[in-house]
1. Express in nm, to one decimal, how much length is gained between residue 283 and residue 155 on full extension, taking 0.36 nm for each residue of separation and deducting their alpha carbon distance.
2. Would you mind computing, in nm to one decimal, how far apart the modelled labels at residue 266 and residue 127 are, each placed 7 Å from Cα along Cα→Cβ?
3. Kindly give the semi-axes, whole Å and largest first, of the ellipsoid equivalent to the range 117-172, taking each as the square root of 5 times a Cα gyration tensor eigenvalue.
4. Round to a whole angstrom and tell me the spacing of the C-alpha centers of the range 153-197 and the range 224-292.
5. Taking the simple approach of a point 7 Å from Cα along Cα-to-Cβ for both residue 186 and residue 252, what is their distance in nm?
6. Can I get the semi-axes of the range 142-219's equivalent ellipsoid? Compute them from the C-alpha gyration tensor as square roots of 5 times the eigenvalues, in angstrom, largest first.
7. Please give the length that would be gained between residue 163 and residue 27 if that part of the chain were fully extended, namely 0.36 nm times their separation in residues minus their C-alpha to C-alpha distance (nm, one decimal).
8. Could you give the length gained by full extension between residue 135 and residue 200, i.e. 0.36 nm per residue of separation minus their alpha carbon distance, to one decimal place?
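What follows is calculated from the coordinates using simple rules that are stated; it is not laboratory data. The shown structure was predicted, so the numbers you read here are calculated from the model rather than taken from an experiment. When we count neighbours, we look across all protein chains shown, and the Cβ atoms used for this are built from the backbone with ideal geometry, even at glycine.
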């Protein structure tokens, strides 16, 4: 159980709105020649896709973690400029699945490739291309969706980066994919990346109100912020056996009260999440509460429970109950 302290910290580039379905009926008409479209962010796990989307929308809507395969749902980030509205679709990292959850995640990423207007294939530009990149190239080579290759993490490159550049040029050249370099962490090159993406979109309407940054409801983002802290604080001890549901949101004039459940697969994992004397659960709750307070710009009271749901990642029924389904094309 966590008592909160007030913080009204705003995000780096100003606060943006989360989904309010009523506002979707009052979307303004786009000016003549305006461009818009959906851009799928595709790549291996841990290449910085979520970090990139957070930077572009100007606030945190996607969780990040040093643990691979952090993103589980297709999350849309909305960037509206005077010239274009770009709806970025952050997808799970494409990898060889090892369980039912993995199969669902990879299938959803592949569906995203065919349902967007443009694909941004993000790679780790600080190291040579590898087998995982070539696996994704094979998938993308069969799509009719235009592709751009984005080399992230240039802030981590050594002075001798010619070999790295050549390894990715060899991937992109056969398909005439343009290449752009950037750092999602520092922002270097991101403005140029956005301009290139905008230039390649077709004329179109506003799909969302111009001040919106995501189409996901606050409950979803809250659950993800809790899961992020579990990944950060427990590291490899409790990898991807964790799911979070928001069971109750009560908004009062001076505080928002949240009740959430953390699901794990084994009793030993429950013990790790709770920690000795509840210390780990308290740390998770405190860190998550700070992030949620930034999201809603107000005081938060957060209460966490931990439950064991054996082998939930292997069960389609349990996956559906926890919000993981193969998405429609």
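1. Values: separation 128, 0.36 × 128 = 46.08 nm, distance 3.12 nm.
Length gained between residue 283 and residue 155: 43.0 nm.
2. The two pseudo-label positions are separated by 2.7 nm.
3. Details: eigenvalues 94, 27, 14 Å².
For the range 117-172, the ellipsoid semi-axes come out as 22, 12, 8 Å.
4. If we compute the Cα centre of each part, the gap is 36 Å.
5. Using points 7 Å along Cα→Cβ, the separation is 4.7 nm.
6. Values: eigenvalues 160, 71, 26 Å².
Rounded to whole Å, the semi-axes are 28, 19, 11.
7. Values: separation 136, 0.36 × 136 = 48.96 nm, distance 4.75 nm.
Once the chain is fully extended between residue 163 and residue 27, it gains 44.2 nm.
8. On the way: separation 65, 0.36 × 65 = 23.40 nm, distance 2.51 nm.
Contour length minus the Cα-Cα distance gives 20.9 nm.
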